[in-house]
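I have placed the structure first, in the form of structure tokens, so that the comments after it can refer back to it.
The values are calculated or read from the model by the stated rules, or taken from the named source; none is laboratory data. Just so it is clear, the model here is predicted, and its values are computed rather than measured. Here the Cβ is made from the backbone with ideal geometry for all residues, glycine too, and neighbour counts use every protein chain on show. Quick note on the areas: whole protein, heavy atoms, side chains included, nothing else; ligands and nucleic acids left out. Shrake-Rupley method; radii C 1.70, N 1.55, O 1.52, S 1.80 Å.
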Amino acid sequence: MKDHSFYQFVLTARGRKNEKGELAEAIFDDLSFPRQEKDFHNISDYIETQGNYPISMAVFDDLYEEYTEWLKF
């Protein structure tokens, strides 16, 4: 099982031609993003209150679910 932060996973989603890829690019460009964070609630709270993301939270939820699956392999 991997021990990587959500941000490290997001780097693998950059370049996708969908909303998950757009979110990954926005996170990459956000210099204040908590790059060592793994916890869903902390990241979700940051995106909702601190970040300026044009993507719906449903996209984040899907990307985070993909992250949890990615950690297993």
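Toward the positive end of the charge dipole of the chain, with +1 on the Cβ of Lys and Arg and -1 on the Cβ of Asp and Glu, the farthest Cα among Tyr46, Phe9, Val59 is that of Phe9.
I want to make sure I understand the PRE zone here: with the label point 7 angstrom from the Cα of Ala58 toward its beta carbon, which residues in the stretch 14-33 have backbone N atoms less than 14 Å away? Those under the cut-off are 19-20.
The reciprocal of the average 1/r between distinct C-alpha atoms defines the Kirkwood hydrodynamic radius, which for the stretch 16-73 equals 11.8 Å.
On full extension, the segment bounded by Thr49 and Arg14 gains 10.3 nm, given 0.36 nm per residue less the C-alpha separation. Among the protein heavy atoms of the chain, carbon and sulfur supply 48% of the accessible surface, probe 1.4 Å, non-protein parts ignored. With the contact rule set at Cα under 8 Å and sequence spacing of 6 or more, what percent relative contact order holds for the chain? It comes to 42 percent, rounded to a whole number. For chymotrypsin sites (Phe, Trp or Tyr not before Pro), no site in the stretch 1-59 is both called loop by DSSP and has at most 10 other Cβ atoms within 10 Å. Simple point charges give the picture: +1 on the Cβ of Lys and Arg, -1 on the Cβ of Asp and Glu, and for the chain a dipole about the Cα centre of about 320 debye. Rolling a 1.4 Å probe across the protein heavy atoms gives the chain an accessible surface of 63 Å² per residue. Report, ordered by chain and residue number, the aspartates and glutamates lying within cross-link reach of Lys2, taken as a straight Cα distance under 17 Å and ignoring same-chain residues fewer than 8 apart. Reachable aspartates and glutamates: Glu37, Asp39, Glu65, Glu66, Glu69.
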